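Take a look at the structure set out below.
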Amino acid sequence: MKKQFLVIITLVMLSVFSAAHASPVITTEMLTNGMAGVFYSAKITADGQQPISFELAYNNDGTSGLPGGLKLAKNGTIYGNPGSTGTYTFSVYAISAKGEAAKAFTLSVRPFDENQLRKGGDNASILGEGADSVVGIANALSGGRVTLQGDTVYFIDKKGYLNESPPPYTRSSKRFKATKYESMDSAGDNLYYYQRYLDTKGTAPDGSDNTFVTRIARDPLGDKGRSTLINLTQKEMTTLSVTNEIILFVKGEKPGTMVRLPLDGGGDRVVHAYNAGRELDVLGAIPYNGYAYFQAAQDGSLYRMYLDGEIAQRLTNERIGTFTIARREGEDVLCYTNETGTLVTSDLDGSNALPFPDYRAAHLNADEEYLYFTDAANKNRVVRVNLATPREAEILADLSADQLYIFDESVVLRKKGSEEFYILSKKAGSEPVRLNKENKY
């Protein structure tokens, strides 16, 4: 019995020793097929002493055989959007300190077929129940730098600090220490924001070895328990909006990619948007009643898609400037500006477009009763109009604005060309109050 036990132990040790001192062995047998124009991702794996990196084998003419539009990452992930149909053969090296191994793979790229993509519209945990509010729906598109919790205003100053300003808003704002904040929204008793801050200061004079944390966080403010919902690698993000079910944000510099994230974190999912055989890059997006409405970088047009789908529907045949969703006699309508800045309204599917030649707008937003916009024909003054009586426009403040945030009882605007934020009650005759008057930025 002892001899058998020793033999087993010896064989196990020899096996471990051999594995630790042998070249890598690529274990992936085959790759899944791809579709032209549709995002592809597959992982090649290998056994052996770690770390193991992966590289393509190149022919004498400098080509690898990998389909155009795809890349191979060092960790073995093949990713990207294949551009052309066909069957491609290429070889991959797995490399470690103990040696290298090569293996040939075949990848077939089928023609684009919209019928193979998810239309969506089925997952209520993502879509919600169709009861989203339009109040401040376009706050993210205006910059995402202001939100309200109760009567307290939270805003991000030009240095990226988060400030707190309670009523009556005339005192110096409280500034939170950590920076840099960008793109925030609120839901319930929580703030949700993108944040990038210095975690560990390095020793290099140029700061090249500093360590940063880049994340989206949920902050209960007065209570403890601020939590990281997702860690990111990008330094920039474009828009961030919160529904009762998810966070929708655009990751990366303009243009970027939409990502949805549950409010409790975890399970983040890239929302790939396809139309006419191509994936669309996103300039800015807002979620509403189960859809993502967004402007595409490729043609500047407005699109929408289910938040749990992949197929995007084109809503405009021209490049737009900005957009929002508003209410007209209790019904949802799409509002946007065309290439000349003229205000246009339509049904949510883009039909029945109606231009308003008298209005040229730079920024749009809404609540349950009014459409708000900065009037480009009148020094970018903030104007509101009831779409049931669109010719009866009301100027809210004698200030030019380049950001416009709407809340239940108030409006916050940023004075054009400055970092001055003003809050204004929606009640007639109200005067704007500067939020950050005493703070020196």
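About the centre of its Cα atoms, the chain shows a dipole size close to 1600 debye [charges on the beta carbon of Lys, Arg (+1) and Asp, Glu (-1) only; nearest 20 debye]. Between ASP402 and ALA297, the simple spin-label model (points 7 angstrom out along Cα→Cβ) gives 2.2 nm. Ranked by the mean number of other Cβ atoms within 10 Å per residue, highest first, peptides 238-247, 110-119, 418-427, 202-211 order as 238-247, 418-427, 110-119, 202-211.
On the beta carbon distance between GLU419 and GLU164, with R0 = 22 Å, the FRET formula returns roughly 0.85.
Annotated for region 22-112: lysine pairs at least 8 residues apart or interchain, Cα distance under 16 Å, count 4. Across region 36-45, computed HN-Hα scalar couplings (Karplus, 6.51 cos²θ - 1.76 cosθ + 1.60, θ = phi - 60°) run 4, x, 10, 4, 10, 8, 8, 10, 9, 10 Hz from first to last residue, x flagging Gly and Pro.
Of the Cα atoms belonging to region 22-112, the radius of gyration and Dmax stand at 13.2, 42 Å. Modelled spin labels at LYS254 and GLN50, positioned 7 Å past Cα toward Cβ, are 4.1 nm from each other. Going from the fewest other Cβ atoms within 10 Å to the most, the residues THR89, THR316 appear in the order THR89, THR316.
Comparing Cα centroids, region 103-167 and region 203-238 end up 19 angstrom apart. Placing +1 on the Cβ of every Lys and Arg and -1 on the Cβ of every Asp and Glu, with no other charges, gives region 22-112 a dipole of roughly 180 debye about its Cα centre.
Only one residue of SER208, ASN436, TYR372 has its Cα farthest out toward the positive end of the dipole of the chain, where Lys and Arg carry +1 and Asp and Glu -1 on Cβ, and that residue is SER208. Between TYR288, GLY309, PHE323, the Cα set farthest toward the positive side of the dipole of region 251-334 (charges on each charged residue's Cβ, about the Cα centre) is that of PHE323.
When TYR93, TYR192 are sorted by how many other C-beta atoms sit within 10 angstrom of their C-beta, beginning with the fewest, the order is TYR93, TYR192.
Each pair of Cα atoms in the chain enters the Kirkwood radius, and Stokes-Einstein at 20 °C and 1.002 mPa s then converts it into a translational diffusion coefficient of 86 µm²/s.
Label-to-label distance, TYR79 versus LYS43, with points set 7 angstrom from Cα along the beta-carbon direction: 1.2 nm. On full extension, the segment bounded by LYS98 and ARG328 gains 75.9 nm, given 0.36 nm per residue less the C-alpha separation. Computed per residue of the chain from DSSP H runs no shorter than four, each worth -39500 (n - 2.57), the mean residue ellipticity at 222 nm is -1500 deg cm²/dmol. What separates the Cα centres of region 42-85 and region 286-324 is a distance of 33 Å.
FYI, it's all coordinate maths here, none of it is from the lab. As the structure is a computational prediction, the values presented were derived from the model and not from experiment. FYI the Cβ positions are ideal-geometry reconstructions off the backbone, even for glycines, and counts take in every protein chain you see.
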